[in-house]
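Visitor: Take this structure, written in structure tokens, and hold onto it; I'll ask about it next.
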Amino acid sequence: GSLPGWEQVDSLVVASHTRNRACQDGAVADYIPVLAQADPELFGVCVVEVDGGVHLAGDADVEFSIQSISKAFVYALVCEEFGHAAVADLVGVNNTGLAFNSVIAIELNDGHPMNPMVNAGALATTALMPGATPDEQWNAIRKGLSAFAGRELELDQEVYRSEAATNTRNRAIARLLESYGRINRDPLEAVDVYTKQCSLRVSARDLAIMGATLADGGVNPVTGQSVVSAEVCRDTLAILAANGLYERSGEWLFEIGLPGKSGVSGGLLTVSPGKAGIGAFSPRLDPAGNSVRGQQATAYLSRVLGLNIFASQ
Ligand code: GLN
């Protein structure tokens, strides 16, 4: 089945926002200094249907840095280039059960980065991006993510500088991967490209369009551009279902029943395959680094729109 009629989806998206607006649970991320300055009251929700229909509520056009949600799309671009088997082997698909920036997860697995949604796997994935130089890799990433969003995405210089000045842990992770022969480029250059990809500015509306592109077999429903293949979308969504909300991915799948990806600035992207993309933004996070109100609004929409992929009817 498809989504209910236009008016109904429109009012349910507004309801997902009003019903959760008052919640103040969670805390804004502060390990990247500039993120601590985010306005915790911001809250936006957007659903984009695979036919291109857009439904908005709240601060859906406020921009923030994409952070870890970029990992899903860089993975898709790399998968498009190297294919299902190669990427599964090089980066992995299984959940670590540990935090997104865990070093122990790498050590426990003989240096394997485990999956492309934790920092180790994301750094290894970014390093695989085609390009003779880090600049070429960065340009390809910016172009690719912009095609998913259907508009030119731009780097947030302030977020980039703030993270680049403080990302000692990601540099350590990249060096650790290097020590295991798991990174095929200069590790610190890979960290720099990764930090840039995390600093791209998006809105909840952009996230919903990017998600709708994954829901639509790789065709952006707003621009009509084919960005990646349907096989790559399928693989990316499976990775998100298993790993998109880090060590809370199981709880998320149990409650919401959809592939999703969170980022520490408060963005949350969810995909209903064949139907729609959902973008949410609210900076207060749970202890794993996932937007609290983003999860609540998405849980509501999954329920009232009947999107849980495990439901028989
Ligand atoms: N840029 C952030 C980091 O590497 C992204 C983390 C996240 O969004 N969970 O720490």
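Coordinate-derived values only; no laboratory data. Nothing here was measured: the structure is a model prediction, and the numbers come from that model. Using ideal geometry, Cβ is built from the backbone for each residue, glycine included, and neighbour counts are taken over all protein chains shown.
Visitor: Net charge near residue 287: determine it from the other residues with C-beta under 14 Å of the C-beta of residue 287, scoring Lys and Arg +1 and Asp and Glu -1.
Guide: Combined, the nearby Lys, Arg, Asp and Glu give -3.
Visitor: By how many degrees, 0 to 90 and rounded to 10, does the Cα axis of helix 119-128 deviate from the longest principal axis of the chain?
Guide: 70 degrees
Visitor: Fewest to most neighbouring Cβ within 10 Å: what's the order for 261, 71, 275?
Guide: Fewest-to-most ranking of 261, 71, 275: 275, 71, 261.
Visitor: Helix-only estimate, please: 222 nm mean residue ellipticity of the chain, summing -39500 (n - 2.57) across DSSP H runs of length 4 or more and dividing by its residues, to the nearest 500.
Guide: When only DSSP H runs of four or more count, the value is -14000 deg cm²/dmol.
Visitor: Quick one: net charge around residue 87, please, counting Lys, Arg +1 and Asp, Glu -1 for every other residue with C-beta under 11 Å from its C-beta.
Guide: Local charge sum for residue 87: -4.
Visitor: Taking other Cβ within 10 Å of each residue's Cβ, how do 300, 31 sort, fewest first?
Guide: Placing the least packed residue first, the sequence is 31, 300.
Visitor: Now, a different point. Using θ = phi - 60° and the Karplus relation 6.51 cos²θ - 1.76 cosθ + 1.60, list the HN-Hα couplings for region 75-92 in order, rounded to whole Hz, with x at every Gly or Pro.
Guide: 4, 4, 5, 5, 5, 4, 7, 10, x, 3, 5, 4, 5, 4, 6, 6, 10, x
Visitor: Under the rule of at least 5 residues apart or a separate chain, name every residue whose amide H is placed under 5 Å from the amide H of residue 285.
Guide: Here the answer is 27, 28, 29, 292, since their amide H atoms fall under 5 Å of that of residue 285.
Visitor: Is the C-alpha gyration tensor of region 70-198 telling us rounded, prolate or oblate? Criteria: a/c under 1.5 is rounded; beyond that, a/b larger than b/c is prolate, otherwise oblate. Mind dumping the intermediate values first?
Guide: Details: a/c = 1.68, a/b = 1.25, b/c = 1.34.
Because a/c hits 1.5 or more and a/b fails to exceed b/c, region 70-198 counts as oblate.
Visitor: Return 179, 312, 203 ranked ascending by Cβ neighbour count within 10 Å, so the fewest neighbours appear first.
Guide: In increasing order of surrounding Cβ atoms, one gets 312, 179, 203.
Visitor: Return the whole-Å distance between the Cα centroid of region 257-283 and the Cα centroid of region 167-211.
Guide: Using only Cα atoms to place each centre, the spacing works out to 20 Å.
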